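The values are calculated or read from the model by the stated rules, or taken from the named source; none is laboratory data. This structure is a prediction, so every number in the text was calculated from the model and none was measured. All Cβ positions, glycine included, derive from the backbone under ideal geometry; neighbour counts span all protein chains shown. Only protein heavy atoms, including side chains, enter the accessible area calculation; ligands, DNA and RNA are left aside. Shrake-Rupley method; radii C 1.70, N 1.55, O 1.52, S 1.80 Å.
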Amino acid sequence: MKNEEVEVKLSLPPEQANSFRRSTLLRDHKVARAQTAQLISTYFDTPSLGLRRNGMALRIRQAGGLREQTLKWSNKPSSGLQSRTEFNTPIEADVPDFGVLKEAGMRDMLSATGSIKKIAPVFATDVKRTTWLLDFNGSRIEVALDEGEIRSDDRVEPISEIELELKDGEPVALIDLAILIAGRLNVCPAVDSKAGRGYALFDNEKRTAKKVKSPELTADDTVVSAFQTFMHGGIKQLLENRQVIIDGEDAEGVHQGRIAVRRMRAAVSVFKPILEEGSLAKAQAELRWMQQELGPARDWDVFLETTVNPLLARLPDSAALRALAKAAQAQQEAGYERARAFLSSRRFAVSLLWLERWLLEVADESRKTEPLVDFAARLLQSRRKKARRKAGENVTALPEATLHELRIELKKLRYTAQLFKSLYPGAKTDAYMQRLSAMQDCLGGLNDAAVQRGLLQQLKEAGTPANRDAQAILAGWHAAHTQTGLAHLAALWADFAAAKPFWR
């Protein structure tokens, strides 16, 4: 039987499972007694993992003496609110039966995955599931508490999560219930399904930073759906890097998490004309807070990686630089502690869920008929004009403060261009983006020096100020890098200004 599964998944610390069972949310809204079952699910795939590559997950679930085969399929990324097509069929065997899939096209899709006859188990889950049926805000929601483990060969990973599945009503009710739960327990929206985690265990994948992916848009997308795509992508990338940041073993996690937030802020800025003022202000405040909480860890990472450590490599006997490195490392660790606390906080979970709820309600009455390509072109043209005005007639004659402002305008243009880049595939677009990147790199030394001044002030306030020798070395280093970049300013600006915009 085919159905559309709409759910929200929340990770839950195992020690809070009993608190959830006793929650007044369950007691006040349940319409039947809780049900408990032991569920053993075996997941299958081809030798080349063809199902996984095509966004599918195939399992046989055993509950007591009954077995059910489920094929799940999703062709788009999801963040908090997840939607999948699901095919459920009772079967008697312990191996998949593709003959029961009657839906048009499904057998062809499975055949396209390759080696379907060689399908075999890849991992299994064993969970105790407790379910409650709730009547919440006029919707019927099944709440499931899953406790157990994923197994693949001799590798094991624990499962402790809450699933909220919409049985009847409006998806916003799922988000509202999740927000209430997140305000009471240390949960967090989860983007990885059990299948996704199982495959990672099967491949013995090491958790690494996930790069922010450029959104894929077409001319058929609406202005609203494009905005939702950008925001969902940002939420997903932030959540995918959350545990990497908490582990603190890969500095790229903080970098990618911060980029995810920046891109969401850029999307909110770009689509400001279609957004309701009150909700817009809240979204801006929440995203600004997220960037501020990740900022210190990233700033100290960059300071150590690009300035202090290279200088120490050149001047290993400098006591002043060694003392600076030690003080900076202490601030770096404090930055990571702040990031961990932020990502583990109830406010973080509630904020992300609120963003999900907001995206469900975003409406665009004034621009529903405007083609997305026209909307994008108008915004890109506006950003370009602002940058050209800021540069004036002679960019090399601009004072440092104005060059900072020009860098910011170019950054806004670049983020806007990145959002809409997929609407304009081709070499001309790539060449324009390369020119933009070159201009930002040219002016980057100015920003690095400004950030450095702020970090040195933080060291002073923390009681570990850099001494005069260290400050002099840093000043000379940044002056040299800034001048090296600005030496090419005139040529780079002339090349950029003469380039034909790719959106025309």
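Things worth noting here:
Per-residue answers, yes or no, for (1) under 18 Å from Phe303 (Cβ atoms); (2) surrounded by 17 or more Cβ atoms within 10 Å (Cβ to Cβ); (3) acidic (Asp, Glu); (4) touching a helix residue (DSSP H, G or I) at 6+ places or on another chain (Cβ under 9 Å):
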{"site": "Ala466", "(1), (2), (3), (4)": "yes, yes, no, yes"}
{"site": "Leu474", "(1), (2), (3), (4)": "yes, yes, no, yes"}
{"site": "Leu486", "(1), (2), (3), (4)": "no, yes, no, yes"}
{"site": "Asp495", "(1), (2), (3), (4)": "no, no, yes, yes"}
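- Residues of region 232-254 classified as surrounded by fewer than 21 Cβ atoms within 10 Å (Cβ to Cβ), assigned to a helix (DSSP H, G or I) and charged (D, E, K, R), total: 3
- Of the set (1) more than 30 Å from the chain's Cα centre (by Cα); (2) at pLDDT 90 or above, all apply to Val100 but (2).
- Screening the candidates Arg207, Arg184 for the property of being in a loop (DSSP other than H, G, I, E, B), closer than 17 Å to Phe348 by Cβ and either out of contact with any strand residue (DSSP E or B) (no Cβ under 9 Å at 6 or more places or on another chain) or among the acidic types (Asp, Glu) (or both) yields one hit, Arg184.
- Residue in region 271-281 that is in contact with a Leu (Cβ under 7 Å, 6 or more places away or on another chain), under 20 Å from Ala339 (Cβ atoms) and either in a helix (DSSP H, G or I) or open to solvent by less than 10 Å² (accessible area, probe 1.4 Å) (or both) present: no
- Filter pass, Glu149 being at pLDDT 95 or above, open to solvent by 30 Å² or more (accessible area, probe 1.4 Å), touching a strand residue (DSSP E or B) at 6+ places or on another chain (Cβ under 6 Å) and closer than 22 Å to Trp73 by Cα: no
- Residues within region 384-400 that are surrounded by fewer than 14 Cβ atoms within 10 Å (Cβ to Cβ), at pLDDT 90 or above and assigned to a helix (DSSP H, G or I), tallied: 4
- Check on Thr229, β-branched (Val, Ile, Thr), modelled with pLDDT of 90 or more and part of a loop (DSSP other than H, G, I, E, B): no
- Hey, Gln381 surrounded by fewer than 19 Cβ atoms within 10 Å (Cβ to Cβ), among the polar types (S, T, N, Q) and over 22 Å from His488 (Cβ atoms) or not: yes
- From Val143, Val122, Val95, residue being modelled with pLDDT of 80 or more, open to solvent by 60 Å² or more (accessible area, probe 1.4 Å) and on the phi < 0 side of the Ramachandran plot: Val95
Yes/no per residue for (1) touching an Asp or Glu at 6+ places or on another chain (Cβ under 8 Å); (2) at pLDDT 95 or above:
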| residue | (1), (2) |
| --- | --- |
| Glu163 | yes, yes |
| Ala182 | no, yes |
| Asn186 | no, yes |
| Ala190 | yes, no |
| Ala195 | no, no |
| Asp203 | no, no |
| Arg207 | yes, no |
| Lys210 | yes, no |
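- Against the numbered list (1) within 31 Å of the chain's Cα centre (by Cα); (2) in contact (Cβ under 8 Å) with a residue 60 or more places away in the chain; (3) open to solvent by 30 Å² or more (accessible area, probe 1.4 Å), Lys500 comes up short only at (1).
- Candidate set from region 401-428 (those that are of a type in the set (Lys, Arg) and open to solvent by 80 Å² or more (accessible area, probe 1.4 Å)); member that is farthest from Arg265 (Cα to Cα): Lys428
- Answer residue from region 313-365, given it is among the hydroxyl-bearing types (Ser, Thr, Tyr) and within 23 Å of the chain's Cα centre (by Cα) and is farthest from Ala226 (Cα to Cα) among those: Tyr336
- Where Pro310 falls short, out of the listed (1) crowded, with 17+ Cβ neighbours inside 10 Å; (2) within 33 Å of the chain's Cα centre (by Cα); (3) closer than 22 Å to Asp469 by Cα: (1)
- Residue count for region 289-334, restricted to those that are among the aromatic types (Phe, Trp, Tyr) and without any contact (Cβ under 8 Å) to a residue 60 or more places away in the chain: 0
- Count of region 433-477 residues which are assigned to a loop (DSSP other than H, G, I, E, B) and β-branched (Val, Ile, Thr): 1
- With respect to being open to solvent by 10 Å² or more (accessible area, probe 1.4 Å) and either polar (S, T, N, Q) or assigned to a strand (DSSP E or B) (or both), Arg197 falls outside the description.
- Residues of region 431-449 classified as in contact with a helix residue (DSSP H, G or I) (Cβ under 9 Å, 6 or more places away or on another chain), free of Cβ contacts under 8 Å to residues at least 60 places away in the same chain and open to solvent by 40 Å² or more (accessible area, probe 1.4 Å), total: 2
- Test: Gln284 is surrounded by fewer than 20 Cβ atoms within 10 Å (Cβ to Cβ), without any contact (Cβ under 8 Å) to a residue 12 or more places away in the chain, among the polar types (S, T, N, Q) and assigned to a helix (DSSP H, G or I): no
- Arg262 being surrounded by 16 or more Cβ atoms within 10 Å (Cβ to Cβ) and either of a type in the set (A, V, I, L, M) or within 24 Å of the chain's Cα centre (by Cα) (or both): yes
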